[in-house]
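Below: the structure, in structure tokens.
The values are calculated or read from the model by the stated rules, or taken from the named source; none is laboratory data. Since the structure is predicted, the reported quantities are computational estimates derived from the model, not experimental observations. Using ideal geometry, Cβ is built from the backbone for each residue, glycine included, and neighbour counts are taken over all protein chains shown. When the accessible area is computed, the model is the full protein with side chains, heavy atoms only, and any ligands, DNA or RNA have been set aside. Shrake-Rupley method; radii C 1.70, N 1.55, O 1.52, S 1.80 Å.
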Amino acid sequence: MAVRLKDAFLTALVALILALPLAGARTIDGAEGLVVEWHLIDVGVAAVLVFFGRLLLDLVSDGYGAVIAPLALIAGIAAAYLPFPSQFLKTVTVGGSFVIAVRGLFVVWRRSGQAHVGMPVFMGVTKWTKNLTLLSALFFILALVFPLTPLASRYALDVATMVLTYVMLAWGLNVTVGYAGLLDLGYAGFYALGAYSYALLAQHFGIGFWIALPIAGILSAVTAFLLGLPVLRLRGDYFAIVTLGFGEIVRLVLINWTTLTGGPNGISDVPRPTLFGLEFAREASQGHKTFNDFFGIAFDPVQRVIFLYYLILFLALLVGWFSAKLRRLPIGRAWEAFREDEIACAAIGINRWKVKLTAYSLGAAVAGFAGCFFATRQGFISPESFTFTESATMLAIVILGGIGHPLGIVLAALFVVGMPELFRDLEQYRMLAFGAGMVLIMLWRPGGMMAVRRPTVQLAEGGVQISEHA
């Protein structure tokens, strides 16, 4: 107990030192210029909260996570809506509660899915697969019924749609980075190609969303194929630098080719998708009918938002299912083998260049599909939506979730995209809370939120065992 009190005291001391310059001293514009205003009480209370938070984390590690995690989650949600003396204290309380809740849930999940010592390998895999299947089914049910719940406001649906878009993008990038081990820093370039291909096809040729969707994916895949012919012979950091350059080239071309792309002004009035020709609008265009007129219901702008939510949910699930199936095929196992040891792959006769080219092209195709959806959802696109920050965000989701783990990517997308929106009321402190949360998760789970990753084929007692989990 003395050791834990010492650790908690040191943690609180570090928090106190860090909080002094960040929140303890603030400058205000006074009558005689800038004046330093001290908020030492806030800093002291925050240090006390950190002290007790560290003790709770120790209790979580001792096996009390099943009790502490739900209580911490409830406390965090309540604190987000309760008044506080300052936004800084509110940030510390809400952020700390969610960190304790997440830590407790992961401890419970890890221990429940862990095989006992001495058990055959296939028994551990079976138990893991069962837990993973139940968790995946829970996420699917929640996503399916979310628009029908009282929580589904216009803003919440927009955030959920954005999260699902990043889930789809990250699943596509997971094929390149997670399965094949290729570090792609220019993924936003293919995302932009998909968005602009639909916008330009609709603007100049009147092509609708459903026809442009496969075209956008094919165009991005072909671009990746042509780029990969010379580039994929590079390895490691050299390949990453070239892909980073490709993403910047695409963005600069979009900015400077004003006659085609509109330059910095972008392209507006991108057509919305229809449901079997039914438009989600108050009045239908010539030759079409509206959704509400066809079904005889009153018009509501939220109908289009719900439709876009289910559309991206369907596209994301299709990409997730397809990538999971590919992983169990010979090409997927070739990706895994290449990721683990490229030289050994060449020694047994696997064509390394073709393996890399396949993964790179398929990942780019998914980015093209997502870009097409992004264009129709926004109704307006510009080069500012496809900067390196987008590529970094997608890569952060893949790494934070656990490279090669599809379900971990879902959790990471909820954290990376949803957490800043959850803390929007915290004003200037919301990115501080977001950054602190990422640092803590990577300290506790350096391999990602769901870092447990086994190959699809592994040796077990009695021969080769094929794993059925993703």
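Observations
- In order through the range 338-349: 3J(HN,Hα) via Karplus (6.51 cos²θ - 1.76 cosθ + 1.60), integer Hz, x for Gly, Pro: 5, 4, 6, 7, 5, 5, 5, 4, 5, 5, 9, x
- Radius 15 Å from Cβ of Leu5, net charge of other residues (Lys, Arg +1; Asp, Glu -1): 0
- Protection proxy ranking of 363-373, 339-349, 73-83 - average other beta-carbon atoms within 10 Å, highest first: 363-373, 73-83, 339-349
- Across the range 392-398, coupling constants 3J(HN,Hα) worked out from phi with the 6.51/-1.76/1.60 Karplus curve, θ = phi - 60°, read 5, 5, 5, 5, 4, 4, 5 Hz, and Gly and Pro carry x.
- Potential extension, Leu183-Gln87 segment - 0.36 nm per residue separation minus Cα distance: 30.7 nm
- For the range 2-111, the solvent-accessible area works out to 58 Å² per residue, with a probe of 1.4 Å and every protein chain left in place.
- Couplings 3J(HN,Hα) for the range 179-190, derived from phi with the Karplus relation 6.51 cos²θ - 1.76 cosθ + 1.60 (θ = phi - 60°), are 7, 9, x, 9, 7, 9, 9, x, 5, 5, x, 6 Hz, where x marks Gly and Pro.
- The range 138-161-the range 221-267 distance, computed between alpha-carbon centres (Å): 35 Å
- Gain on full extension, evaluated as 0.36 nm per residue between Ala78 and Leu229 minus their Cα-Cα distance, stands at 48.9 nm.
- The length gained on full extension between Ile255 and Leu142, counted as 0.36 nm times the residue separation minus their Cα-Cα distance, comes to 36.7 nm.
- Packing around the peptides 214-223, 393-402, 194-203, taken as the average count of other Cβ atoms within 10 Å per residue, puts them in this order, highest first: 194-203, 393-402, 214-223.
- Gyration tensor verdict on the range 344-423 (Cα atoms; rounded if a/c is under 1.5, prolate if a/b is larger than b/c, oblate otherwise): oblate
- Accessible surface of the range 2-111 [probe 1.4 Å, protein heavy atoms]: carbon and sulfur percent: 74 percent
- Other-chain or far-sequence residues with amide H under 5 Å of Thr290's (modelled H): Glu279, Ala284
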